[in-house]
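Laboratory data are not the source of any read-out in this text; all were calculated from the coordinates shown. The model shown is predicted, which means the values in this text are computed figures rather than measured ones. Because the Cβ atoms are built from the backbone with ideal geometry, glycine has one as well, and the counts that use them run over all protein chains shown.
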Amino acid sequence: MTAPDSGSDRRERLKALREAALHRPVLARHLSDGFTGRWSRRQWVQASLFATMGMLVLAIVPGFSPGNAKPLHAARQSLALALPPLPLARAKGQTGDSWQLVRVDRGQTLGSVFKQLDIPTATMQQILEQPGAKQALTRMKPGTELAFDMPVNGTLRSFRYDRDDSHQIELSLDGGKIYQKVIARPSETRTVVLSGKVGSSLFRSARKVGLSPNNIRTLTDDIFKYDIDFNEDVGANDRFSVVVEQTWREGELVSTGPVLAATFTSDGKLHTGFRFERNGKSEYFTGDGRPLKKSFIRMPIPYARLSSGFGARRHPVLGRMRMHKGVDYAAGSGTPIMAAGDARVQTAGWMGGYGNAVVLDHGRGYTTLYGHMSRIGKIRPGQRIAQGTVIGYVGSTGMSTGPHLHYEFRVNGVHRNPLSITMPPPEPLSGAALAQFRSQTGVALARIRQVENIIYADATPTPNPMSRALATKKKTKA
């Protein structure tokens, strides 16, 4: 039987427990001191205090905030969606929204277009056999539009092309047969004034305002070439205004007509030109009705050198002094020779010492002769030709020592020097033709002036282009 602990032993054990507790952490000591299995009020207060301090630290210090934690990447999934169904018309192969528009590129042919769309060559040949199709489809220009009705199965069902500016042809293919339908395409013609400054390039500036290459050639080669040297006399500030007719279709410019009227202001001087039809032929005239085109070209061969003048000389073949009744232009064999003026072909063929030669009758007693040609152009005696028509080519036929053109100018059968003679002026308009011409030019001049007043409002004023025409009218009335 064990004897009960004495009071001294109990005191020793309590002392040992206190010393062990002093070596534990502070929080553990506070929580465990005197812990009997139930928390005291003091222990609950201490625990609440530490919990509150912990939450404050988490709220204040950013690093511990749960809001700054990087979100976890959500799992991704792919979902297959059904595409909308084809239109019923296309699904059944009926006419619908299956038209494809192809614009022809430079160098591209109808065959290459059909090959690009996987259309059989036999189908193309069948289309070309239709009336008028071959003429229209084998001479396509860059930018020509072709339309193909291609259903889902890829078989050509219909084909469209432009027959002309106002009509379109639609060919429908059905069971080996082709049915043709003509579709009218309404167009609108507008008379406009296109104006601009020469700048660094007349051609580039004129194209920019809407003039066609043919319009520009008309300005430089037909209207103003006799009064303006476009290589030397034209400055950047010189300006031009041109009246033309434009054809529009469905908001697109289809074509630009010939120049109806034009003004060119060069170095402050105004030049004018107006298109007018006389005796069934269109010509350009000044404001007072005088033709701009001269009656004769002094040099009927381009890029040539004067090798022998008019007058007495030692003949290079005969070796004796002899009158040279014309002038010689040395040029390479085959260089084209132009008619010096409007004329009727009098003779064309072999003429002894002249070799292959042509004689032109210009009327009013004026004739010209062109000799030593290598060959004669596509002309025949009695034919009427225009100034500038190619009548033959430089050669060395007949009594000649080398390729050149022998050119003679005769007035009533008398030989004259073509380099020094005063050329006869062209016949001006008169009578009813002049009255009609003035009524047309007055409208054109007014339109040009109206446009220039708007575009060049701040420019240095130039003479009114109507003043010359008005002055001419007053003189006629007087």
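Roughly how many whole Å is it from the C-alpha centroid of region 221-269 to that of region 385-409? Between the Cα centres of region 221-269 and region 385-409 lies a distance of 34 Å.
Here are some pairs, Lys197/Lys294; Lys294/Lys325; Lys281/Lys378; Lys181/Lys208; which of them have Cα atoms lying more than 30 Å apart in this structure?
Values: Lys197/Lys294 27 Å; Lys294/Lys325 23 Å; Lys281/Lys378 21 Å; Lys181/Lys208 38 Å.
Long pairs (Cα-Cα over 30 Å): Lys181/Lys208.
So if I take the alpha carbon set of region 97-184, get Rg, then get Rh from the Kirkwood formula, what is the Rg over Rh ratio? Don't skip to the end; give the middle numbers.
Numbers: Rg = 12.1 Å, Rh = 13.2 Å.
Over the Cα atoms of region 97-184, Rg/Rh equals 0.92.
Placing one equal scatterer on every Cα of region 305-416 and applying the Debye formula, the log10 ratio I(q)/I(0) at q = 0.11, 0.17, 0.18 Å⁻¹ is -0.32, -0.77, -0.86. Cβ crowding within 10 Å, taken as a proxy for footprinting-reagent exposure, orders Ile297, Ile455 from fewest neighbours to most as Ile455, Ile297.
Fewest-first ordering of Thr335, Thr347 by other beta carbons within 10 Å of each residue's beta carbon gives Thr347, Thr335.
Neighbours of Ser282, meaning other residues whose beta-carbon lies under 14 angstrom from its beta-carbon, give a summed charge of -1 when Lys and Arg score +1 and Asp and Glu score -1.
In a fully extended conformation the segment linking Ile454 and Met55 would gain 135.5 nm over its present Cα-Cα distance, using 0.36 nm per residue. When Tyr456, Tyr370, Tyr179, Tyr329 are sorted by how many other C-beta atoms sit within 10 angstrom of their C-beta, beginning with the fewest, the order is Tyr179, Tyr456, Tyr329, Tyr370. By the Stokes-Einstein formula, at 1.306 mPa s and 10 °C, region 143-293 with its Kirkwood radius over alpha-carbon pairs has D equal to 86 µm²/s.
Using the average count of surrounding beta-carbon atoms within 10 Å as a protection proxy, the listed peptides 240-246, 124-130 rank, highest first, as 240-246, 124-130.
Could you please report the charge total around Met423, scoring K, R as +1 and D, E as -1 over all other residues with beta-carbon less than 9 angstrom from its beta-carbon? Please report the intermediate quantities before stating the final value.
Working: positive: Lys294, Arg298; negative: none.
Local net charge: +2.
Taking every alpha-carbon pair under 8 Å whose residues sit at least 6 apart, region 97-184 reaches a relative contact order of 26 percent.
Charge tally around Leu146: other residues with Cβ under 14 Å, Lys/Arg +1 each, Asp/Glu -1 each, net +1. Under the simplified labelling scheme, the Lys225-Glu188 pair shows an inter-label distance of 3.7 nm, with each label point 7 Å from Cα along Cα→Cβ.
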